[in-house]
Amino acid sequence: MHYTFLKYLINSWRITQLKIGACQFKVTNHITKNLEIMKRSILDASSQGVSLLVFPECAFTGYPPRDIETSSAVNFEELEKAHRKMQCLSNQKNMHIIAGTIIQNEKRYFNSAMICSPGRQPSFYHKRALWGWDRDNFTAADSDGILEVDGWRIGIRICFEVRFPEYFRELYRVHTDLNIILFYDVSEQKNPDRYDLIESHIRTRAVENVTYTLTVNTASFYQTAPTALYDRSGKSIAKLNRNQEEILTYNLEKSSLNFGEQGRQEISEELVWGWEK
């Protein structure tokens, strides 16, 4: 009986708490170099008990045309090997890993998040909000970007999608506990106005959907989007220094909604589902 109760307590703790991590590093056009940095980060995060670790948009490959000329210039044979190694690390460290990459399907290329979960085949979320360089290099594809980790339902979105509340309302409809946004959003010069604008979008998405929101950006050039964690009221509860290679870790805990969060959730339910209270 004592053992059964102890097991119940352990399982309850795993359901309500999740150790998360976000690795901010200087993404390059060298797949092997990027993978080596990610591998070291995984080992470091594993030693800290992280269950879910995320990396920036195009973390495996670099982002076209900043790091590589076009999406078609990727060495996809080398990239496939890197993908397999990442899945092996997920299995070995019993860790869920999300990392930006490029997927090829015949002559189409997708700006994607690779999702590695222990003991499973990798899955992918494909970016849908394509504009500018994205539209020049990638194709949009249907994708939901939902991951289950230790009782937590997690939604994934990529960079420019943060500008559109509709993509996050999709996640609200399936009751995600945590939303993750992978960024490669930088400037060759300091641009604090853009940084503040993008952060305001992130905070608004967290507030609108009453959902914890984790972001991760490359440390290349000058960052114009943060690597940070926001609570369900849009408050920053952990944030990395700009343009520095670091890992953010945080023990995230499900807790009761406060008064304002309860109100936003109740009205959101009415707007999304038409429920009458």
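Every number in this text was worked out from the coordinates using simple rules, so none of it is lab data. None of the values given here were measured: they were computed from a predicted structure. With ideal geometry, Cβ positions are generated from the backbone for all residues, glycine too; neighbour counts draw on all protein chains shown.
Rounded to the nearest angstrom and listed largest first, the equivalent-ellipsoid semi-axes of segment 116-236 from its Cα gyration tensor are 23, 18, 14.
Given R0 = 22 Å, the distance between the Cβ atoms of residue 163 and residue 136 translates into a calculated FRET efficiency of 0.75. Under the criterion of Cα pairs below 8 Å and six or more residues apart, the relative contact order for the chain equals 19 percent.
Compared with the direct C-alpha span, the chain from residue 268 to residue 243 gains 5.4 nm at full extension, assuming 0.36 nm per residue.
Here's how it looks for residue 179: its modeled amide H is under 5 Å from those of 155, 212, 213, 214, which are all 5 or more places away or on a different chain. Label separation (residue 146 vs residue 32): 4.1 nm, computed from points 7 Å beyond Cα along the C-beta direction.
Can you tell which of 82, 61, 72 lies farthest toward the positive end of the dipole of segment 35-109, using +1 and -1 charges on the Cβ of basic and acidic side chains (Lys, Arg; Asp, Glu)? So the residue we want is 82. Per-residue 3J(HN,Hα) values for segment 43-50, derived from phi via the Karplus relation 6.51 cos²θ - 1.76 cosθ + 1.60 with θ = phi - 60°, read 5, 5, 5, 4, 5, 9, x, 5 Hz in sequence order (x marks Gly and Pro).
Which entries of 190/254; 19/93; 39/107; 39/190; 39/239; 19/190 have Cα-Cα distances beyond 25 Å here? Going by Cα-Cα distance, 190/254; 39/107; 39/190; 19/190 fall outside the 25 Å limit.
Computing Rg and the Kirkwood Rh from the Cα coordinates of segment 186-277 gives a ratio, Rg/Rh, of 1.08.
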